[in-house]
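Undergrad: Here you go, one structure.
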Amino acid sequence: MTFEMGEETREVQGMWDISTYNYLVDGAGIKLLVDSMKEKKIRGIKCPQCGTVYVPGPTFCRKCYIDIDDVVEVGETGVVMSYSVEMADVRGNPVDEFRVTAMIKLDGADTWIIGTISGIDWEDAEVGMRVKAFWVDNPMGALTDIDRFEAI
Amino acid sequence: MSAQQERIVANAVVPLDFTYNYRVGQYVERYIKGLGQKKIMGVKCPGDSSVVVPPRKYCGRCNAIMDEWVEVGPEGTVENFTVGHVNLNKGAVEKADTEYVVALIKLDGASSLLPGKVQGVSPTDVEVGMRVKAVFKDPAEDSLEDLSHFEPAG
Amino acid sequence: MQRDIAIVAQAQIMSDAIGIPRERMLFDLVKGLFDSVGITRHDIETFVLNSNDFEVGHTIANVFEDTPVGAYMKDETHVEADGLWAAQYATMRLLSGNYDTALVVGDSSGASTFRPYLVMDYQLNPTHDRQLGILNELSTAALQAKAYMAKYGVDEDQLNKTAARLLRNAALNPNAVRSKADATGGDVLASDYLYEPLRELACYPFTDGACAMILASGKRARELTDKPVWIKGMGNSVDTYYIGERDLAVSGSAKAAGVRAYKLAGITDPAKQIDVAEVSAKFAHQEPIISEALGLFEEGSGGKVADEGLADLGGSMPVCPSGGGLGGYVFTANGLVRIAECVRQLQGGAGKAQVSGARTALAHGQDGFCAQHNAVMVLSTEEG
Amino acid sequence: MRNVGIIGVGYTPVFVSKRKDVNIAEMVSEAVDAAYRNTKLTPDDIEAITFGNMQTFEGVNMPHLWAVDHMRALNKPYMRIATGGTTGMSTLHSAYYHVASGLHDVVMAITWEKQSEGDSQVGLSGIVMPEAMVMVQHGMDLFGGKGMGAMGGGSTGAAAYQATSYLHHSGASPEHIDKMAALERSNAALNPYAHLRKKTSVADIQATPFISWPLRFGHTCPTSDGATVVILASEDKVEKLADSVAWINGVGCACSDPATGNFIEGQITDPAEQEPAKLASAKAYAMAGIKDPAKEIDMAEMYNGFAHQSLMWLEKLRLCKEGEAHKMLDAGALNIDGELPTNASGGVFSTNAIGASAMNRPAECALQIMRKIEGGHQIPKKIKNAVSHGWGGMFQYVTVTVLGDEPRHG
């Protein structure tokens, strides 16, 4: 290429002030979920029309386009649908300990959740493996009430 | 809307802001350097001969590249102005301590009007047609703000 | 135009504190619209969404709008400009013959979620104006008002009267977020100056809301409603960004947009042929500037129009019987709201604000500082 | 329906990581200039303009308004389109409909990104910022990975899950990703408008560290500064204005729900399913009269932020059977001189000015059809039908454009 860039020019700054926004987010599904987790249960919402079970539960079914509010409980066991192994941090530096995170389809749910799989060598992870949630001793109603998933 | 299901609205405030770095480009770069020497530089369109300040590459009326640099001002005429009673702080309206003048100024030799603040005169005494001159920062800071404001000429 | 396209139905919501998430607002609105027409989301062949990342506060604003508007696994696209452009794009998609039905939906939450004046700051030239903090939405609008007053000898009382008319009209509009049934120029005068001559009541109120409408090609439109509102013409045009290089007292781009739309619609004398207009004015003074550019009134007649009530509901050319932007300005979706108000008029559903016998209407949308970018749509009860 | 053709393409002279010499408007104007130069048209010939970028990547709201003079758009109809990663092609489709509607005859589409002005990781995180915040409020362990909902995948995000799922279902191995990466980087070395231009071997790719298994650094795309402009014309005008043309014979787009990241509303499903790619391509093929894409399509430009995606899209767009793409790769069919040259340009994977990325795909197809490729990546065989693809939103939005050397009939 014969193109040569011109002389460098200075930089000036500008902001996108994210902190000035007041976002309104639908919190019903996640509240239902964490409230149930306090009892070591996992609850979502089922669409009565197509039968899809969403975890966490939305307020409407995206397929049937109707309001939904049938609370259902799903299993604490499930199947690994996909996974990855974190080998570098977000800055790209290698990490000391590889972490296996997986997309898990809990038994009875149609949407997936993401969780960490502990207690296995990363090379043994595979799609289709069955896993089970392990709870903390004193759940408080938070997403961290599940401590980890382990292979069954 | 379903009656049974509790409607829960989570208010989320995200405590961080994103910063961007804008390259000013060749035209604004040269303009800023000029301000440091107390010169206001515009560019002339080869199509309609208009002189534009702040300078930029393209004249949209003629779709021509403006590449002839022309010094304009430092004196000019107030063509239009408004008196500000508020300040906007990140978009929030705040009552200004003192009223201030934002004007569109036709610098001598320029065709376009340059937005600027007019100081050193009571807002009630500012009028269209008033002659003003540019006030530069001394010493210069090598920034756009080296053209600090305008004040009555003479 | 190569096919007849009509607006079948519209729905809108406006609030000064919506209180529900955007997704839920959109679902309720669009679901209600489908139900009112008796169709499902599967009857819509293309979805044209309309929002702005900086208003929503999300990168790729349309990502979370898809499922609430029923677009799951459907054909969808997104216009990031005022809603009038989204409606124009949907019309083009139908005109191509590639589709027979379209949903257009826009939303914005300027009362609850974002700060409209700050979002306008992000529109400033980042290499110059944004660095200096001299120009902003209010100071530029004030300069525009001054330019108009100076050029045509219009005074502040007359601008205040214009604002008062809009606030009175807004009282007839159940969707408006700000109104005053007995508003006078004196009420506007009593509100505070922001930048002279802009007073608070002459500026748009921050508004949450959304607007949706169903468009369809000729045959399909007649199947879906017995009151189709036909799109007869449309156009848009843009001025330079630099307010120091524009005659702010007039709007060249609104004029050019109107010329394009009128040519398609066969309108030669807009002041006679148009029965009602919904103009997007963020500030009272913008209404005469834009109305004049569109040929609804003589150039520079804003003072006379205000004094003689020519733009009033019973006047020679009713402008914004809805109250327009002063009754509620759903930022990016505002152009859609203007179209929706024209649809209400032409379907005879505008209630107390009904312009009797309205057959041809004009809707207008704008973007940018001092209405840099303008778009127009001409609507009619008559096909062909 | 009216036939619409691409009659010219203009790129910025280079796509690089940092254009320090020009501002946004100046940079984009270079591609506008190139489009005029390449077509010998002038702004007077253009009736309307469409414009697209991802505005949170530069933090400028409605940049088309500020840049209007540089775009030569004054007093013209002007429309801004944004759909995320697909913005480029969505902007092209908007220009297409400007012409197909019968309203205009000659329309310009302008797409660009100057990613060096912002932080693309930050820009992308803006997609789910408030949702992530609510999850944090509910105890999500953002970095420790405890419990439910943490994203994982490191800086590749959910692309790593997509790759794993794809490999599982297709039977391809991680080495196929390396191989595709090496092929595309080597193609890019021939393309003067590519950003990363270095002949690359499989061993070179395999020497790069893993970020998140199965994805390596060598599987990821750069962030670029650059712009792409395309001029479209109606059938009537093509003859008068152009010496060559590539016809837009089919367009399609479709969305799903955000398959990743939006945990709050239970919307996470398989990021490798990509049903919208099937829907959008089916629509575009039908318009173009293509019944068997695997037989009738001569080249493909796929949107691949990550190297595994080229293979995945070939299957979703029915250019081969599911699970066959890696076999085609092994057989050399995807090479520039192969049966189905895929990303002869080097793909998004080698050049990523994100607002232009989904425009470069059909632009490259058009240039291949017109045989106007500069550099060494001209496909030797005659191209009758080409398919280009854009992917974006939050793993859930796809655009497809089918181009041909002859206009569609009927």
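No lab work stands behind these numbers, since they all come straight from the coordinates. Note that the coordinates shown come from a computational prediction; the quantities given were computed from them, not determined experimentally. Cβ coordinates were reconstructed from backbone atoms using ideal geometry, including for glycine residues, and neighbour counts include every protein chain displayed.
Undergrad: Among A:10-16, C:246-252, C:263-269, what's the highest-first ranking by average C-beta atoms within 10 angstrom per residue? Write out the running numbers ahead of the final one.
TA: Details: A:10-16: 18.6, C:246-252: 20.7, C:263-269: 14.9.
The packing order, highest mean first, is C:246-252, A:10-16, C:263-269.
Undergrad: If you don't mind, there's one more thing I want to ask. Average the reciprocal distances over every distinct pair of alpha-carbons in the protein assembly as shown, invert the result, and give the Kirkwood radius in Å.
TA: Working: mean 1/r = 0.0336 Å⁻¹.
After inverting the mean inverse Cα-Cα distance, the result is 29.8 Å.
Undergrad: Roughly what angle does helix D:275-288 make with the longest principal axis of chain D, taking Cα atoms, 0 to 90 degrees, to the nearest 10?
TA: So the helix axis and the longest Cα principal axis differ by about 20 degrees.
Undergrad: Could I get the Rg over Rh figure for the range A:26-151? Both from C-alpha atoms, Rh via Kirkwood, rounded to two places.
TA: Details: Rg = 15.8 Å, Rh = 15.5 Å.
Rg/Rh: 1.02.
Undergrad: Calculate for chain D the 222 nm mean residue ellipticity that helices alone would give, adding -39,500 (n - 2.57) per DSSP H run of length 4 or more and normalising by residue count, nearest 500 deg cm²/dmol. Walk me through the intermediate numbers first.
TA: Working: 15 runs with 143 residues, N = 410.
Using -39500 (n - 2.57) per qualifying helix, the result is -10000 deg cm²/dmol.
Undergrad: Looking only at C:Q273, C:Q354, C:Q158, which one moves most when chain C is put into a Gaussian network model with springs between Cα atoms under 10 Å?
TA: With Cα springs under 10 Å in chain C, the top fluctuation among C:Q273, C:Q354, C:Q158 is at C:Q273.
Undergrad: For helix D:174-189, what angle does its Cα long axis make with the longest principal axis of chain D, in degrees from 0 to 90 and rounded to 10?
TA: Roughly 30 degrees between the two axes.
Undergrad: What are the equivalent ellipsoid semi-axes of chain D, built from the alpha-carbon gyration tensor (square roots of five times its eigenvalues), in whole angstrom, biggest first? Numbers along the way, then the final one.
TA: On the way: eigenvalues 200, 124, 80 Å².
In descending order, the three semi-axes are 32, 25, 20 Å.
Undergrad: Residues with beta-carbon under 14 Å from that of D:M135, excluding D:M135: net charge, scoring Lys, Arg +1 and Asp, Glu -1?
TA: Details: positive: A:K31, D:K146; negative: A:D26, A:D145, D:E131, D:D141, D:E265.
Net local charge, D:M135 excluded: -3.
Undergrad: Within a 10 angstrom radius of each residue's Cβ in C:50-57, how many Cβ atoms of other chains show up on average? Whole number is fine.
TA: On the way: counts 0, 1, 5, 11, 9, 2, 4, 13.
Partner-chain Cβ atoms within 10 Å, mean over residues of C:50-57: 6.
Undergrad: At 10 °C and 1.306 mPa s, grab the translational diffusion coefficient of the range B:25-152 from Stokes-Einstein with a Kirkwood Rh over Cα pairs, rounded to a whole number in µm² per second.
TA: Values: Rh = 15.5 Å.
Translational diffusion coefficient: 103 µm²/s.
Undergrad: Using Cα centres only, tell me the gap between the range C:272-306 and the range C:119-171 in whole Å.
TA: With the range C:272-306 and the range C:119-171 each reduced to a Cα centre, they are spaced 15 Å.
Undergrad: From the phi angles alone, apply the Karplus equation (6.51, -1.76, 1.60; θ = phi - 60°) to the range C:172-189 and give each ³J(HN,Hα) in whole Hz, x where the residue is Gly or Pro.
TA: 8, 10, x, 8, 5, 9, 9, 6, 7, 4, 10, 4, 10, x, x, 5, 5, 4
Undergrad: Further question on the same structure: Kindly provide log₁₀ I(q)/I(0) values, in the same order as q = 0.14, 0.16 Å⁻¹, from the Debye equation applied to equal alpha-carbon scatterers of the range D:126-284.
TA: -1.01, -1.17
Undergrad: Skipping prolines and chain starts, which residues have an amide H placed within reach, meaning under 5 Å, of the one on A:I42, given they are 5 or more residues away or on another chain?
TA: Hits under the 5 Å cutoff: A:V74.
Undergrad: Given H placed on each backbone N at 1.01 Å, which residues far from A:M87 in sequence or on other chains put an amide H within less than 5 Å of it?
TA: When sequence neighbours closer than 5 places are left aside, the close amide H contacts are D:S212, D:W213.
Undergrad: Tabulate in residue order the Karplus-calculated ³J(HN,Hα) for the range D:384-390, using 6.51 cos²θ - 1.76 cosθ + 1.60 with θ = phi - 60°, rounded to whole Hz; enter x for Gly and Pro.
TA: So the Karplus estimates, Gly and Pro as x, are 8, 10, 10, 10, 10, 9, x Hz.
Undergrad: Find the all-direction average of the projected area of the Cα convex hull for the range D:205-252, expressing the result in square nanometres with one decimal place.
TA: Numbers: hull surface 27.4 nm².
Seen from a random direction, the Cα hull of the range D:205-252 projects 6.9 nm² on average.
Undergrad: For peptide C:12-24, compute the average count of partner chain beta-carbon atoms within 10 Å of each residue's beta-carbon. Spell out each step's value before the answer.
TA: Working: counts 0, 0, 0, 0, 0, 0, 2, 3, 6, 14, 4, 9, 10.
Average per residue, whole number: 4.
Undergrad: Using the eigenvalues of the Cα gyration tensor, what equivalent ellipsoid semi-axes result for the range D:1-140 when each is taken as the square root of five times the eigenvalue, whole Å, largest first?
TA: Taking √(5λ) for each eigenvalue gives 31, 19, 12 Å, largest first.
Undergrad: What's the tally of Lys pairs in the range A:26-151 whose alpha-carbon atoms lie under 23 angstrom apart, where the two lysines are 8 or more places apart or on different chains?
TA: 18
Undergrad: A 19 angstrom limit on the alpha carbon distance is what I want to check against. Which of D:K295/D:K316; D:K40/D:K240; C:K146/C:K304; C:K151/C:K180; D:K114/D:K316; D:K199/D:K372 exceed it?
TA: Cα-Cα > 19 Å for C:K151/C:K180; D:K114/D:K316; D:K199/D:K372; rest within.
Undergrad: If you build the convex hull over the alpha carbons only and average its shadow over all orientations, what do you get for chain C? Give it in nm² to one decimal. The partial results should precede the final answer.
TA: Values: hull surface 67.3 nm².
Reported value for the Cα convex hull: 16.8 nm².
Undergrad: Output the relative contact order of chain D, whole-number percent, from Cα pairs under 8 angstrom with separation of 6+ residues. Write out the running numbers ahead of the final one.
TA: Working: 976 pairs, mean separation 100.7, N = 410.
Once divided by the residue count of chain D, the mean separation gives 25 percent.
Undergrad: Normalised by the residues of the range B:25-152, what does the relative contact order come to in percent, with Cα pairs under 8 Å and at least six apart? Please report the intermediate quantities before stating the final value.
TA: On the way: 285 pairs, mean separation 31.2, N = 128.
Normalised by residue count, the contact order of the range B:25-152 is 24 percent.
Undergrad: Counting only other residues whose beta carbon sits under 15 Å from that of D:S234, what net charge do I get with K and R as +1, D and E as -1?
TA: Working: positive: D:R2, D:K237, D:K240, D:R408; negative: D:D45, D:E47, D:D105, D:E235, D:D236, D:E239.
Within the 15 Å Cβ shell, the charges total -2.
Undergrad: Inside 10 Å of the C-beta atoms of D:384-396, what's the mean count of C-beta atoms belonging to other chains? Each step should come with its number before you reach the end.
TA: Numbers: counts 0, 0, 0, 0, 0, 0, 0, 0, 2, 7, 6, 1, 5.
Going residue by residue through D:384-396 and averaging, the value is 2.
Undergrad: Measure out, as a whole number of angstrom, how far apart the alpha-carbon centroids of the range C:3-51 and the range C:348-383 sit.
TA: 19
Undergrad: To continue, here is another question. Roughly how many whole Å is it from the C-alpha centroid of the range D:43-104 to that of the range A:91-152?
TA: For the range D:43-104 versus the range A:91-152, the Cα centre distance is 45 Å.
Undergrad: Tilt of helix B:25-36 relative to the longest C-alpha principal axis of chain B, in degrees (0 to 90, nearest 10)?
TA: So the inclination is approximately 60 degrees.
Undergrad: Work out how far the C-alpha atoms of the range C:235-319 reach from end to end along every principal axis, then list the three figures in whole Å, largest first.
TA: Principal-axis extents of the Cα atoms in the range C:235-319, largest first: 38, 30, 19 Å.
Undergrad: First select every other residue whose beta carbon is under 12 angstrom from the beta carbon of D:S120; then total the charges, Lys and Arg +1, Asp and Glu -1. Provide the component values of the computation, followed by the final result.
TA: Values: positive: D:K114; negative: D:E58, D:E113, D:E117, D:D119, D:D225.
Net of charged neighbours comes to -4.
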